[in-house]
Every structure is written in C-alpha cells, then in structure tokens.
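The values are calculated or read from the model by the stated rules, or taken from the named source; none is laboratory data. Quick caveat, the model's predicted, so the values are computed rather than measured. Reconstructed Cβ throughout: ideal geometry from the backbone, glycine too, with neighbour counts over all protein chains shown. Ligands, DNA and RNA are stripped out before the accessible areas are found, and what is left, the full protein with its side chains, is counted by its heavy atoms. Shrake-Rupley method; radii C 1.70, N 1.55, O 1.52, S 1.80 Å.
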Amino acid sequence: MDLTADQPQILLLAGTVEARVLAKKILERFPTVRLTASFAGAVKDLPDLGVPTRIGGFGGIEGLCQYLQTEKVSLIIDATHPFAAQMSRNAFHAAEREDVAILRLERPAWQQAPNDLWHPVASMDDAADAIPDGAHAFLAAGRKEIATFYRRGDIIGTARMIEPPPAPLPDHWSLVLSRPPQSAEEEVELFQEKGITHVVTKNSGGTRAYAKIEAARQMQLPVIIVDRPELPSTDTAATVNDVLDWTDKFLNT
Ligand code: NAP
C-alpha cells in the first residue's frame, strides 16, 4: 500500500509493554495510518516495535510542538509509564497548543488488599524519609531515582534496575541488575536471601512488576508505595483495546 503524507499521522509515546502491543495492533487494525513510536532512550536495550521509531527527548513543549507541525501529527497516543509525568504533561500542553488530538493510556493503579501493609507516600523523596532506621529496603526504581535514597546512611538498600546507575552505589547498597521476575516465588526468594524488611516501589500498576507486591503480601513486609503523579485531565483509556476503539472513532468521525 502506498502511504502518503495525507494519511493520518499518529505519534505513539512509548516506553511500556502496552505501547509495544499497541504499535502492533494499531498497524493491524488501521493499516493506512502512519505511525511513529517515540522512546525517551533512557534504556539502551529498546524493543523493536516494528514501526518507524525515534529516540530521545523532543526538547520540551516547544520542541514537541515543532515536531507535531513538521510531521503533521493528527493524534498523540500517550502510552508512557504512569510516572513519566513530564512527558505526559508536555504532550498534553503541546497537543492543546497545536490543536492535535491526544489520548492517554492509563493502566489502573494497584489496589491495596486487606492484608497488605502499605504506606502510601507522595514522592520518592517522601519514600526515602519513610524508611525506618536500620531497615533493609528493596528498591525497584529507575536509574535516576536511586540517588534520592543515599542520604539515608542508617539503612541498608538493595536496588533492582534494568541498566546500571550512572555512578557506583554507596557501600551500604547492593545492586540487582535485571528486569522484574514474573513470579512472586522468585521475589520471595530474593527478599529472603537479602534479608529485606521493607519494599519501596512506585504504584506503576499492570502485571509486569506486580510480583514484588505479591511477595511482600506473602511475607507480610511493609510496602512504601509512591502514589501516581497528578496529570492534566484529558481523554484516557484503561486498556489497549479501549485505545483502539477510541482511535477507531477518532479516525472515522
Ligand atoms: P519524564 O520525567 O516524564 O520525562 C523526562 C523527559 O524525557 C521528557 O521531558 C522528554 O524529554 C523525555 N521523554 C520521556 N519519555 C519520552 C518518550 N516516550 N519519547 C521521547 N522523549 C521522552 O520520564 P522519565 O524521566 O523517562 O521517567 C520518569 C519515571 O517514569 C521514572 O520513575 C521511570 O522509572 C519511569 N519510567 C519511564 C519510562 C519511559 O519510557 N519514559 C519507562 C518506564 C518507567 P523532552 O522534554 O526533551 O521532550
């Protein structure tokens, strides 16, 4: 099929498993759209979404406005991580300024079960304050976030991340370099082996990183859980299928 510049251009802000699924399903369901995926580029080992892909920041709201104009984008699908708030805010404001439609995929947050020992906090900084003296905290965090916890010289930490942090960890921290395991059993094993007393995590939602929540429940460990950042109010969809249905309506009205 010959795709011309008149075809609707969709910008998919990626970085989540949902974005990966969406790229494939959008092409299957709407074969005539031009779809470009965008990654922040924080992780080097990026998946191939099978669509044209750009990597790296746009240069704030201004840069994104420029991109929307140049590429004649008609719809932004924001399928970034729920904590990629800066990107989501920039996308909202740029879309408003350039009169481009925008839909945000918001996977539901994890909910506290009756026997979960959750301690909700508003930020990573508050999470660092909330860890009690002498605890051994397990931290599932981005490479840039871990430094927030170094000021707590009175705790021991184990951090898990996909790629190494920019600087070596202090002596009282150890590093587990891996993606999250899929089973609670593996998490329980890790927590027991390390002697973890507290779990620190963002409320990312979804199934991919949920094993640590289940493991903490099984072991009755307190979870210091960072609430999601507030985002501007716009159209949202909770699932990939809802995004596809919304896009269908958008393209056909
Ligand atoms: P952020 O604070 O929202 O984004 C910072 C900047 O990175 C944005 O302003 C933008 O730069 C660029 N950026 C982010 N996502 C982009 C995308 N999809 N395409 C192009 N540029 C993008 O997000 P973050 O620093 O990446 O992460 C914040 C939190 O989200 C962390 O907790 C991290 O662990 C979590 N997280 C993020 C992602 C992700 O893909 N972004 C994935 C998993 C987890 P410009 O202003 O220059 O455009």
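With 5 Å bins beginning at zero, the pair-distance distribution over Cα atoms of the range 49-120 amounts to 3, 14, 21, 21, 14, 7, 6, 6, 5, 2, 0 %. I'd like the accessible area for Ser74, computed on protein heavy atoms only with a 1.4 Å probe and all protein chains in place. Round to 10 Å², please. Roll a 1.4 Å probe over it and Ser74 shows about 40 Å².
Treating only the Cβ of Lys, Arg, Asp and Glu as charged (+1, +1, -1, -1), what charge dipole size does the range 117-226 show about its Cα centre? Round to the nearest 20 debye. In debye, rounded to 20, the range 117-226 gives about 300. Length available on full extension from Ile55 to Gln111: 0.36 nm per residue minus the Cα-Cα distance, which gives 16.9 nm.
Nonpolar atom fraction for the chain, defined as the carbon and sulfur part of the 1.4 Å probe accessible area, stands at 52 percent. Principal axis analysis of the Cα atoms in the chain yields extents of 61, 34, 31 Å, listed in decreasing size. Heavy-atom accessible area with a 1.4 Å probe sorts Glu96, Glu187, Glu106, Glu230, largest first, into Glu230, Glu96, Glu106, Glu187.
Legend: calculated FRET efficiency, Glu163 to Gln66, from the Cβ-Cβ distance at R0 = 22 Å, rounded to 0.05, equals 0.15.
Among the protein heavy atoms, those of His198 account for about 30 Å² of accessible surface (1.4 Å probe, every chain in place). Applying 0.36 nm per residue to the separation of Asp6 and Glu28 and subtracting their alpha-carbon distance, the gain on full extension is 6.0 nm. Per residue, the range 117-226 exposes 45 Å² of accessible surface when a 1.4 Å probe is rolled over the protein heavy atoms with every protein chain present. According to the calculation over all Cα-Cα pairs in the range 117-226, the P(r) per 10 Å bin from zero is 15, 53, 31, 1 %.
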